[in-house]
Amino acid sequence: MAEEGYEVRGRLDLQGLVLRLRLGVLPEEKLSERDVPLDISWTGELGSPPAIDYGDVCHRLAGLQGSDYDYIEDLAADVLRLLTGEFKGGVWSVRVSKPFPPAGLRLRSAAVTVQGGSDEGTGGEDG
C-alpha cells in the first residue's frame, strides 16, 4: 500500500451495525429482544491486506445476538473486550445506542461510547 518503511495510519468505521438482544432493567424491557445499533471504529496502521476485516468483526460480534444486558455500558464494555481480545493492535471505539429508552420524557436515544486498545501491532488475529 505504501513504500517500505513508511507507515500509513487510518480509521475503519462500521456504522449502524445492529445486534438483536434484550436490553434494559425494567421488566417490560426484558419481554422481547430489540434491535440495538452500534457504531464501531478502529484506528491503526493500514496495510495490504487490511489489518482488520470488517466481515470478521461482524462474524465475531454475531455471537452476542440474543444476549441479555441491563445497561448499555455493559454491552459496550463486552463489545470492546471482545474486539481488543480478538484483534491485536490499534485503538477501538464502540458506541452503543438504546433507541427510545423509558426516561419519563420522549427521548430518541441514549448512547455510551467506550474506547480501548493499543497502538502497538498491526491488527488482525495474528497481529
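Read-outs: derived from the displayed coordinates by stated rules, not from any lab. Since we're looking at a predicted model, the values are computed, not measured. No Cβ is skipped: glycine too gets one built from the backbone with ideal geometry, and neighbour counts run over all protein chains shown.
Quick notes
- Under 5 Å, built H, 5+ apart or other chain: amide partners of ASP70: GLY24
- Helix-only CD estimate at 222 nm, as mean residue ellipticity for the chain, using -39500 (n - 2.57) per DSSP H run (n ≥ 4): -5500 deg cm²/dmol
- Under-5 Å amide H pairs with LEU46, H placed in peptide plane, nonlocal only: VAL8, ARG9, GLY10
- Under Karplus coefficients 6.51, -1.76 and 1.60, residue-wise ³J(HN,Hα) of the stretch 101-113 in Hz, glycine/proline x: x, x, 9, x, 10, 5, 10, 4, 6, 10, 9, 9, 10
- Inter-label distance, ASP35 to ARG106: 2.0 nm, where each label sits 7 Å from its Cα along the C-beta direction.
- In sequence order, calculated HN-Hα J values of the stretch 56-62 (Karplus, 6.51, -1.76, 1.60; Hz; x Gly/Pro): 5, 4, 4, 4, 5, 6, 4
- Footprinting exposure proxy ranking of LYS98, LYS88, LYS30, fewest other C-beta atoms within 10 angstrom first, gives LYS30, LYS88, LYS98.
- Cα-based helix-to-principal-axis angle, 72-86 vs the chain, degrees rounded to 10: 30
- The stretch 30-36 - phi-based ³J(HN,Hα) in whole Hz, Karplus 6.51/-1.76/1.60, Gly and Pro as x: 8, 5, 8, 6, 9, 7, 10
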